[in-house]
Amino acid sequence: MINRRTLLKSLALGATTLPLTAAFGATSPKKETKFLFSLNTSTIRGQKLSLPQIIELAARAGYDGFEPWMAEIQTYLETGKSITSLKKLASDAGLQFFDCIGFPTWMSQDAEKSKTGFIQMEKEMEVLAALGCPRVAAPAIGTEAPLDLLQAGEKYKRLLDLGRKTGVMPQLEFWGAYPSFHHLGQAMMVAAAADDKDAKILADVYHLFRGGSGFEGMKMLDGHTIDIFHMNDFPADIPRLEQQDKDRVFPGDGAAPIKELSEVLKSKGGQIILSLELFNPTYYAMDPAYVITTGLNKMKRFF
């Protein structure tokens, strides 16, 4: 029988014959994040341009892709034009459909509203799949506070299953002024409750501030969890709880710690799409080409 001393000596000798990486698995250094630049069409909504006009402007400004709203896609299709023609417009311009903003009530606590939301989400995912758009925003529309985050996680799991079926993956989105789902911590809880390798969180500079999340929590998310991140800034002279979407300003023109946040995102590894999302009426009164070019240049100052 091997006594305790002999066993410990054998283990010690065995450990010296193996490199530490073999015992714990080899790890390679994380590469710095690759960034792509996107235009969320809300940024120039006030100029009332068509999707073809927006695509042309975004391509000329130097964006890699864009993030339309489902209502804009539907408006385009209602003119009698096809999904194929819209896809070709973007492809010919060298732009990718990165993501789409929609509002199905999939997370609602009301069973019928949730059912309707899932049906709507599947229909919209099918349209996006035909366009070659691999993502769709998934906010908590239709929910009321307090929200059971474990149940929300179960619904998000179902939505991810639907995403794999259609090829369009839902990005869990929280809104800073939305009573039931306004905090990064809530989004992290729902994503964890889904217990799914494809869970993604769509965060936003303004929403992180407005909802009281702050920015330190972003350090807890790795690059796999973030496909797309909404870029903007917030003014220093308006109290946090009084800020509205219309108050957002260009990245770097407000009080957000953009430089520090950029360093956090650079350390994530993988690929992150930075999408400029503004709703500022002052910018709506400006030349749209100037607005989107200025926004892109201000993002590139930090990334």
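The values are calculated or read from the model by the stated rules, or taken from the named source; none is laboratory data. None of these values were measured; they are calculated from a predicted model. Here Cβ is always computed from backbone atoms with ideal geometry, including for glycine, and neighbour counts include all displayed protein chains.
The residue of the range 216-254 that is surrounded by the most Cβ atoms within 10 Å (Cβ to Cβ), among those that are over 16 Å from the mean Cα position of the chain (by Cα) and small (Gly, Ala, Ser), is 254. Annotation: of all residues in the range 37-59 being over 29 Å from residue 302 (Cβ atoms) and touching a residue at least 24 places away in the same chain (Cβ under 8 Å), the one that is surrounded by the most Cβ atoms within 10 Å (Cβ to Cβ) is 52.
Is it fair to say residue 193 is in contact with a strand residue (DSSP E or B) (Cβ under 8 Å, 6 or more places away or on another chain) and of a type in the set (A, V, I, L, M, F, W, C)?
Numbers: in contact with a strand residue (DSSP E or B) (Cβ under 8 Å, 6 or more places away or on another chain): no; of a type in the set (A, V, I, L, M, F, W, C): yes.
No, not satisfied.
Residue 90 meets the conditions (1) farther than 17 Å from residue 171 by Cα; (2) without any contact (Cβ under 8 Å) to a residue 24 or more places away in the chain in every case but one. The failed one is (2).
Taken across the range 99-119, residues that are surrounded by 17 or more Cβ atoms within 10 Å (Cβ to Cβ), more than 19 Å from residue 167 (Cβ to Cβ), at pLDDT 95 or above and aromatic (Phe, Trp, Tyr) do occur, with at least one present. Selection of the range 256-303 for residues being within 23 Å of residue 137 (Cα to Cα), among the hydroxyl-bearing types (Ser, Thr, Tyr) and either in contact with a Lys or Arg (Cβ under 8 Å, 6 or more places away or on another chain) or part of a helix (DSSP H, G or I) (or both) yields only 262. Could you say whether any residue in the range 60-71 is of a type in the set (A, V, I, L, M), more than 20 Å from the chain's Cα centre (by Cα) and surrounded by fewer than 18 Cβ atoms within 10 Å (Cβ to Cβ)? No; the residues of the range 60-71 include none that is of a type in the set (A, V, I, L, M), more than 20 Å from the chain's Cα centre (by Cα) and surrounded by fewer than 18 Cβ atoms within 10 Å (Cβ to Cβ).
Based on this model, can you work out whether residue 230 counts as in a helix (DSSP H, G or I) and either touching a residue at least 12 places away in the same chain (Cβ under 8 Å) or at positive phi (or both)? So residue 230 fails the test. Would you mind stating whether residue 242 is at pLDDT 95 or above and closer than 30 Å to residue 192 by Cβ? No.
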